[in-house]
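What follows draws every value from the coordinates through simple rules; no lab data is involved. Just so we're clear, the structure is a prediction, and the values are computed from it rather than from any experiment. Counting neighbours? That spans all protein chains shown, and the Cβs are built from the backbone with ideal geometry, glycine included.
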């Protein structure tokens, strides 16, 4: 199933705007959430085709939110891609163990992100 609607979960307004602009100009519908808690709620209400999840956020972090989305009956079919500055191999392994399908590093390289989205679709 091709990815059309993407939920971007990031506490940084600048990052959300940057990712939103990148995705919209490439034809995606974008839904935004500013926290892990809001990301989980929007994943349930909006039913996106993909979630791009930041890790470092106040409250529920991206690893916790990814685990919740990937294990909840209503949302476990939605792939989550971690999108973070955390570059250690252990972070990537931990993210994948929480249910993430892929992991992309910030700063985001447009071609890399689009290729990873296409691979999930």
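One table, with the values for the structure above:
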| read-out | value |
| --- | --- |
| Scan of the stretch 63-113 for residues that are touching a residue at least 40 places away in the same chain (Cβ under 8 Å) and more than 13 Å from the chain's Cα centre (by Cα), ordered by number | 110 |
| Filter result (in contact with a strand residue (DSSP E or B) (Cβ under 8 Å, 6 or more places away or on another chain), over 18 Å from residue 2 (Cβ atoms) and surrounded by 16 or more Cβ atoms within 10 Å (Cβ to Cβ)) within the stretch 80-97 | 82, 83, 84, 91, 92, 95 |
| Criterion (surrounded by fewer than 18 Cβ atoms within 10 Å (Cβ to Cβ) and either within 23 Å of residue 94 (Cβ to Cβ) or out of contact with any helix residue (DSSP H, G or I) (no Cβ under 6 Å at 6 or more places or on another chain) (or both)) met by exactly one of 51, 56, 30, 8 | 56 |
| Test result for residue 21, in contact with a helix residue (DSSP H, G or I) (Cβ under 7 Å, 6 or more places away or on another chain), loosely packed, with under 15 Cβ neighbours inside 10 Å and over 14 Å from residue 80 (Cα atoms) | no |
| Residue identified as touching a strand residue (DSSP E or B) at 6+ places or on another chain (Cβ under 8 Å) and under 15 Å from residue 118 (Cα atoms) among 4, 47, 42 | 4 |
